[in-house]
Amino acid sequence: MGLDIHSAITISAVLSLMMAMSLRYTLHDYPVEQRPSLRFWIASMGLQPVAWVLYGLRGTIPDLFAIVIANAILTLTYAFQLQAVRVFVGRPNRPALVYTPVVLVAAVEILFTFVYPSIRMRTVSASLLIAIPFFLSAGALLSGSRPRRRSNLLTATTLLLPALVLVTRALYEGLRSGTLASAFTVTPMQAMVFGMAGFLPIIATLGFVSMCNDRLNLELVRQAMLDPLTGISNRRALDESSADAIAVARRHKRDLAVLLVDADHFKQVNDRYGHGAGDAALQALVAALQAALRPGDLLGRLGGEEFVVILPETDEIQAHAAAERLRDAVANVEFSFQRDALPLRVSIGIALLEPDDDLVALLRRADQAMYVAKRSGRNCVVGPRQMQQQTAIDGVPMAG
């Protein structure tokens, strides 16, 4: 027994409506930045039942509605899917690219229904035009950054398959000797087209929702690795990135330096102006540090007003130059609060990677050097060489 096209249309309409209602119900559980793309997808699924109902009434309502408007609405739903994908991946808004196939489908349906009636030409031209949004949607997902997530591949695949089936249908109907007696004539090709139309949009919707969930999870992981005030790495992220940097340095026998940066007289800012001023001062300080770092250098907040800079492939001379550059960048920041100029200054301690070091050992030596910088008048840099000189004078300084 062959596929009953009316049944396939009914299933497509019901499933699309259910998916649209489900997505609309959960829309506000997603971050604000994801809602525009989801709204386009919801509009696509919500309009598909309208198109399928009109299509299923063919023969009982005028062809203008059952053929022209039904196919135009159906193409519009696929255009909405394309728009959803483009918004999701950050493509620029190009209405002409997205919605031109809708206009063209309406035009060819009018042409080959009322002006030059031809089921063959109507089927071939509409199939090729409707395939365009599917190809563009799959292309937008597959041309993104790598590695591609499985949810992206699933969605791209379920958008690419209808495009390939529609092109195959156009070739089949255009080249075969006979022609369809009506839109509801059951052939293997018709069974494939309408069967696909009933179920692939549901799989594509599941894939698109998975894409949204994946992005949400990635953002949660990213937020868990960032300091909420300054937006730089927190201690957890520092532990991971430093372990990687130390492993690379050991593997390739390269130098590595760690800087411990501490804001001078920061408690006075908080005590006099409040924590709002302190937070603003830290943000300005971090912006200055970031601007002075090289690509590949790692900056993180250890806690309070202490920051860590990891400098891969950096020896003592280079580390000292980098630390002076950071100190100078902070000192040149023109920061004020409530019209009062508040100078920003930092003391920096340097530690160099030794054979058995981990981040804790590096930070311990950098902390000792930083406290020597504090006792030396602040707003200065102390490295291993200065520490050796200090040791020669009065022994190893204790961390404070």
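The values are calculated or read from the model by the stated rules, or taken from the named source; none is laboratory data. Note that the coordinates shown come from a computational prediction; the quantities given were computed from them, not determined experimentally. With ideal geometry, Cβ positions are generated from the backbone for all residues, glycine too; neighbour counts draw on all protein chains shown.
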Here are the criteria: (1) touching a residue at least 40 places away in the same chain (Cβ under 8 Å); (2) surrounded by 17 or more Cβ atoms within 10 Å (Cβ to Cβ); (3) not charged (D, E, K, R). Tell me which single one I73 does not satisfy. (1)
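For A183, indicate whether it is within 28 Å of T123 (Cβ to Cβ) and among the small types (G, A, S). Give the derivation first.
On the way: within 28 Å of T123 (Cβ to Cβ): yes; among the small types (G, A, S): yes.
Yes.
Name the residues in the range 233-273 that are part of a helix (DSSP H, G or I) and in contact with a Gly (Cβ under 8 Å, 6 or more places away or on another chain), would you?
Going through the range 233-273, the residues part of a helix (DSSP H, G or I) turn out to be 235-251, 266-273.
Across the range 233-273, the qualifying residues are R235, A237, L238, S241, F266, V269, N270.
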Filtered residue count, the range 182-232, keeping only those that are touching a residue at least 24 places away in the same chain (Cβ under 8 Å) and part of a loop (DSSP other than H, G, I, E, B): 9
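Rundown of residues vs (1) without any contact (Cβ under 8 Å) to a residue 24 or more places away in the chain; (2) among the small types (G, A, S); (3) in a loop (DSSP other than H, G, I, E, B), yes/no style:
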residue	(1), (2), (3)
R301	no, no, no
A323	no, yes, no
A351	no, yes, no
A366	no, yes, no
Q386	yes, no, no
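Looking at G377, G296, can you tell me which residue is closer than 18 Å to L256 by Cα and without any contact (Cβ under 8 Å) to a residue 40 or more places away in the chain?
On the way: G377 fails: closer than 18 Å to L256 by Cα.
Being closer than 18 Å to L256 by Cα and without any contact (Cβ under 8 Å) to a residue 40 or more places away in the chain holds for just one of G377, G296, which is G296.
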Among the residues of the range 22-43, which ones are touching a Leu at 6+ places or on another chain (Cβ under 8 Å) and farther than 19 Å from L218 by Cα? L23, R39, W41, I42
Scanning the range 169-186 residue by residue, those farther than 22 Å from T60 by Cα and hydroxyl-bearing (S, T, Y) turn out to be Y172, S177, T179
If you go through the range 332-349, how many residues are more than 28 Å from D255 (Cα to Cα), not aromatic (F, W, Y) and not in a strand (DSSP E or B)? 8
Restricting to the range 80-129, name every residue that is among the β-branched types (V, I, T), buried (at least 20 other Cβ atoms within 10 Å of the Cβ) and at pLDDT below 95. T123, V124
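Which one of these is under 30 Å from A287 (Cβ atoms) and of a type in the set (S, T, Y): S182, S233, S177? Before you say what the answer is, go through the steps one by one.
On the way: S182 fails: under 30 Å from A287 (Cβ atoms); S177 fails: under 30 Å from A287 (Cβ atoms).
S233 is the lone residue from the list that is under 30 Å from A287 (Cβ atoms) and of a type in the set (S, T, Y).
Looking for something out of contact with any strand residue (DSSP E or B) (no Cβ under 8 Å at 6 or more places or on another chain), over 18 Å from F184 (Cβ atoms), of a type outside the set (A, V, I, L, M) and assigned to a helix (DSSP H, G or I) - is there at least one such residue anywhere in the range 47-63?
Here is the first cut: in the range 47-63, the ones out of contact with any strand residue (DSSP E or B) (no Cβ under 8 Å at 6 or more places or on another chain) are 47-53, 55-63.
The next check asks that each one be over 18 Å from F184 (Cβ atoms); those that pass are 47-50.
Now narrow it down to the ones that are of a type outside the set (A, V, I, L, M): 48-49.
Next, from what is left, pick out any that are assigned to a helix (DSSP H, G or I): 48-49.
Yes, the range 47-63 has at least one match.
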Residue list for the range 1-46, filter: under 22 Å from M211 (Cβ atoms), touching a helix residue (DSSP H, G or I) at 6+ places or on another chain (Cβ under 8 Å) and either of a type in the set (D, E) or not in a helix (DSSP H, G or I) (or both): Y30, P31
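Being surrounded by 21 or more Cβ atoms within 10 Å (Cβ to Cβ) and not in a strand (DSSP E or B) is true for just one of L289, L311. Which residue is that?
Working: L311 fails: not in a strand (DSSP E or B).
It is L289.
Looking at A107, is it part of a helix (DSSP H, G or I), over 26 Å from L161 (Cβ atoms) and assigned by TED's automatic domain parsing to the domain that holds S143? Steps first, answer last, please.
On the way: part of a helix (DSSP H, G or I): yes; over 26 Å from L161 (Cβ atoms): yes; assigned by TED's automatic domain parsing to the domain that holds S143: yes.
Yes: the conditions hold for A107.
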Listed by first then second residue, the pairs whose first member lies in the range 88-111 and is in contact (Cβ under 8 Å) with a residue 24 or more places away in the chain, whose partner is surrounded by fewer than 17 Cβ atoms within 10 Å (Cβ to Cβ), with beta carbons under 6 Å and at least 6 positions apart or on separate chains, are V89/G144
Number of the exception - Q290 against (1) polar (S, T, N, Q); (2) without any contact (Cβ under 8 Å) to a residue 24 or more places away in the chain; (3) within 30 Å of A366 (Cβ to Cβ): (2)
The listed residue being at negative phi and assigned to a helix (DSSP H, G or I), out of G174, G178: G174
